[in-house]
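Before any comments, here is the structure.
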Amino acid sequence: MPKRKVAALEKVDADLVSLQYKIRRDPKSYAQEFYDQWLAYDAQRQIFISSPSSASSEDNKKFHDLVDLVAHVADLYPDVTAPYFDHLKELLTQHHAVLNPDLREKVVGSLSLLRRKDVIDSTSLLTTLFPILISTPSKSLRSLLYTKIVSDLRESNSKATNHKLNRTIQTVLHNLVTSDRTSTKGMWACRITRELWRRQIWTDARPCDVMKEACLSDNEKVVVGGVRFFLGGDKEREEMEDDSSDEEIDIKKVKHQGTINKKTKKRQKAMEKAMEKIKKQERKKHAPHPLNFSALHLIHDPQGFAEQLFQKHLQNTKCKFSLDNKLLVLQLVTRLVGLHKLTIISLYPWFTKYLTPKQPSVTSFLASLAQATHNHVPPDAIEPLVVKIANEFVSEASAAEVASAGINSIREVALRQPLCMSETLLQDLVMYQKSKDKGVVMAAKGLQSLYREVYPELLQKKFRGKEATMGLKSGEVKRLKFGEEQVESGIEGIELLEKYKEEQRLKKLAEKGEDADGDAKMKDDDDDEDGFNSDEWEVASNDSDSSTGWINVEHSEDEDEGPAAKKQRRDSSTAPDLISDEAMAAAAEANRISKLAMTTILTPADLAKLAELRREAQLDKMTGTVSKRRQELIAKHIEDGVTADDIELPAQIGKKSTKEERVAMAKDGKPAREEHKSTQAIRKSKKEAEGKSSTNKEKARKKNFLMTVGKARAKHKRSLVDTKKRLTAHIARSKSGGRRRNGM
Amino acid sequence: MGSSNKKKKEKKKDFNKAKLKVGKAKAKAANFTDTSFKSKSIVVNQHTLAALDGVDLVGLFKQHLNQAINSKSDKLRQEALVQLTKDLSSKPIFNPVGVPNLLTKLLPLITDSVANVRTNFLKLLRALPPSDVAPHVEKILMYIRGGMTHLSTEIRSDTLSVLDWLIEVCPDETVSCPGGWLKTMNSFSSMLGWNPSVASTLSVKGWTSATKTSLNKVSKKNGEAQAKQITIFAKFLEAGFRPETPLPYDEQRYWDSIYRMPTTPNPFAYMNLWGAQRDEDGEMYPDRISRQQVFERKWRAAIKTGVMGAKQEGGVIGRAASVLDKVLRTAEEGGKKVVEEPKIEEVEEVEA
């Protein structure tokens, strides 16, 4: 069949696109044409509104095109298109259920286009889209609206935080969750809040409040959404941050490529882009870390919240949540209790009936119990639970895994409240280190070493070990009574920081090899000496007599704490001559503290270094080799909760892994190898997949023999003079950059 | 050498016996047809295969109706329209679906891309009985307005023919239905380039103002088209300004209008009880006085300047413009009368 000629008319029919192009290039000249199309749009709109449900496909298509045209040029004719936004809004809110999907998508797209062109503001866009997101039955529309809403919120917060808009939306979300607690609509509030939290657009207490309300909803889905946010939202946020800074550009490589490759505009642009990106990354690296509090810390009234959660979803027998979801709620409650040191006495008796080996996912319960324990919990409340765990889990008859999980969970509890144990029980448990199973042995030993540190009196003498016995004798190791707190005097580890700074200074001086230049130079260098970019922070001068205008305020706390520390020591010690010694030492220490803490203001960089030094010191203090697990334990932040894995871990020790597991572990992190191939071949295919070309060497090797044979023959026939000429030319060329110029 | 070797090999290839290998699929034959694909729609080349003798006429009518809208081929659409027209103009009229359904289905054809389809559609409209068309004037006008400012000039002019027919068939409804007066006028002025609102939005500050651009290139054909536009605009205005002839008094009708159920559809349309709120343009202007007033206020100046310009052009356009001018003048005189009349009434009232 011959190709049908397209008549001119038919071409014109579909030419709204070219009209749009023309209008955008010269809006003044095409005002008349636009006005015509505006009228056509208006007529088509009326046709549509007169019977929205039964509009024909032709009409739909025409309307679709005209909506598109007007949306794209609306910013050029603000007077004519003033009612356009209201038209679209009305169309969407009233007829979104019957609109043709394509047309519906176009209307939503046009609305966000208007927002991008700044014809309307974010608030009006979001207040239009949000009610539809909640009410529409169409899944595709919901996902479209969700992405549009989130992207608009991101966009409007990209340059500076738009507090007004955020507050409006947060209020809307809050109302959504609280207005009808039984409906699933709260899910949307959860999803949006979580997404924006993840992207660090919302970081304050208000979104946490929304999620808090979601947790207290009656609908299971909404509750789970809220609870998951508190349990995992912050981790998600951190991961997101790591991801974004992942892609590093090798600046050296980029520069090198710039010298080698042919210089084109495209390459130059790419190079500029890379440089810009590097600069941005650099700036980001040096920028002060945003002080983002975790969601758990931002909750207002954690005690009330935890109590309500517990009563509503756990204690309440009418609550019919599935076990998994109940466990999630329990995790949140116990996490809050542990983190904020809350007191919910009724929580502990509630645990009793779940602490049997037959209970499904009992390790999670055990982990939650450990999480819920802290030093302000009365030992009377926990002791029966510990006894129950010991009775139910730990016996010669029970399986090794069960016993190890039991002992380990008791250890986790005792770590947080050592007073929960009676002497006989501890002795009984410690004796399990004679067991045959390695997991049980490890768990029992863990318990023993814990009590060596915190409460050695409770152990039998033979289990106390050398250090603990010596410590007991010297009075260094002492147990805290219930309710007693270990008070830190001054800033913990400040002397470490001071020492470090001194060392750094000396090192610098040694490097310079001259200190005759005097103090003036030293002062200048002071800022750099810290080694960690304190120049970003205004406050860094170490000299109290410098004329920077900073007044050193004497901290009243520091003054108070010195004597307080003294008093405490005097009480605890028994020997009278020790008092004066210690008092003097304490006075000296207080002196030293005031020297650094009072003469300088610590920058966040200083504090970070301080934390690092403290950790190092703690590691150093431990004698012998420090196990990897031990290091992890120390590094583990107190805010990270206990998980079921922690409880189950010792049971895994000494288990032989199957072959499949070993193979999987070996393969982990290595490139996939579907078929047997040489490494060279794999590398080559990888290179090809990346779109890179072959090397010159490879090309030469592949070259057709017949193409090279002529030259090879000619080379044989060359005269000696000729050969020499060639060789000298080659040397000259390689010296001057290795490229042939014209005529060479 | 290389290429000839290659060719030789390729020639031999056909006669080599394919080796079968264990564990490999057998090679596909040269004439193998892949039937594994799935299709969402099936394209049928011929639309009707059945013989037409003795089939039910209603079904056939509906089939034509569907073909007229949905068929991809313009020939088929056109033929279907011809068939429908034949049915509608037969005596007695054969129309199993009714005029409202027919119109809702077919009206999008006003802006069909093929000229023959449009002309045939107009023929079909002409075959419709005027009394049946009257209730649907508002809807038809919507489509007409959509077509009047269409990108393509030919569609515009064909749409005007439809409007011409509508004014002929039911002039009063055309100018008095909601949006029928001002919105249509708006479309007309935009079509002719006489629209003051475009100029105001532009706020042209330079010494040139190019009102006519690009798409409407000046040509002989274009001139004729513009003349047609002006003529039909004149007809439209004439219909709007036509003095209403009072119906002779009929006692039966008088009492019917008070106590009987009204026979016309939507008799209280002017109250707009259920529809969306109308703006000034979308409002209905049911009587001549209101039409005249709103015309004086909004359009007279703009259209007068437009007419002056068109008159100066002369030729076909000039002639058409002078017709329009005449209409405007008679309207003005009528308007004066209209304005005077109430004065007299007022005086009477005062006297009373």
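The values are calculated or read from the model by the stated rules, or taken from the named source; none is laboratory data. Given the structure is predicted, the values throughout are model-derived calculations rather than measurements. Note that each Cβ is placed from the backbone with ideal geometry, even for glycine, and that neighbours are counted across all protein chains shown. Ligands, DNA and RNA are excluded from the accessible area calculation, which covers all protein heavy atoms including side chains. Shrake-Rupley method; radii C 1.70, N 1.55, O 1.52, S 1.80 Å.
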Solvent-accessible area buried by A and B, counting both chains, probe 1.4 angstrom, square angstrom: 2900 Å²
Under-5 Å amide H pairs with A:THR603, H placed in peptide plane, nonlocal only: none
Highest-first arrangement of B:24-36, A:258-270, A:24-36, A:458-470, where packing means the average Cβ count within 10 Å: A:24-36, A:458-470, A:258-270, B:24-36
Ranked packing of B:177-183, A:306-312, A:431-437, most packed first, by mean Cβ within 10 Å: B:177-183, A:306-312, A:431-437
Full-stretch length increase - A:HIS163, A:GLU105 - with 0.36 nm per residue and alpha-carbon distance subtracted: 17.9 nm
Ratio Rg/Rh [Cα only; Rh per Kirkwood] for segment A:1-140: 1.01
Computed E for B:LYS304/A:ASP75 - FRET, C-beta separation, R0 45 angstrom, nearest 0.05: 0.85
3J(HN,Hα) from dihedral phi, segment B:90-104, Karplus parametrisation 6.51/-1.76/1.60, rounded to Hz, x for glycine, proline: 6, 10, x, 5, 9, 9, x, 8, x, 5, x, 5, 4, 5, 4
For A:48-55, mean number of other protein chain Cβ atoms within 10 Å: 2
Too-long pairs where the Cα-Cα distance tops 26 Å, listed order kept, from A:LYS434/A:LYS461; B:LYS183/B:LYS235; A:LYS252/A:LYS684; B:LYS7/B:LYS28; A:LYS139/A:LYS221: none
Under-5 Å amide H pairs with B:TRP181, H placed in peptide plane, nonlocal only: B:TYR285
Under Karplus coefficients 6.51, -1.76 and 1.60, residue-wise ³J(HN,Hα) of segment A:724-738 in Hz, glycine/proline x: 4, 4, 4, 5, 4, 4, 4, 5, 4, 5, 5, 6, 8, x, x
Heavy-atom SASA rank of B:TYR270, A:TYR348, B:TYR285 (probe 1.4 Å, accessible area, largest first): B:TYR270, B:TYR285, A:TYR348
For a label point 7 Å along the Cα-to-beta-carbon line of A:GLU485, residues of segment A:304-348 with backbone N under 12 Å: A:341
Surface share of carbon and sulfur [accessible, 1.4 angstrom probe, percent] for segment A:161-304: 52 percent
Computed lengthening from A:GLN94 to A:LYS28, 0.36 nm per intervening residue step minus Cα-Cα distance: 20.3 nm
Debye, to nearest 20: dipole size of segment A:638-744, +1 on Lys, Arg Cβ, -1 on Asp, Glu Cβ: 2520 debye
Residue-wise HN-Hα coupling along segment B:12-18, computed from phi with Karplus coefficients 6.51, -1.76, 1.60 (Hz; x: Gly, Pro): 5, 3, 5, 9, 5, 7, 6
Cα centroid of segment B:274-330 to Cα centroid of segment A:168-214, whole Å: 57 Å
If the convex hull is drawn through the Cα atoms of segment A:169-316, its volume per residue in Å³: 133 Å³
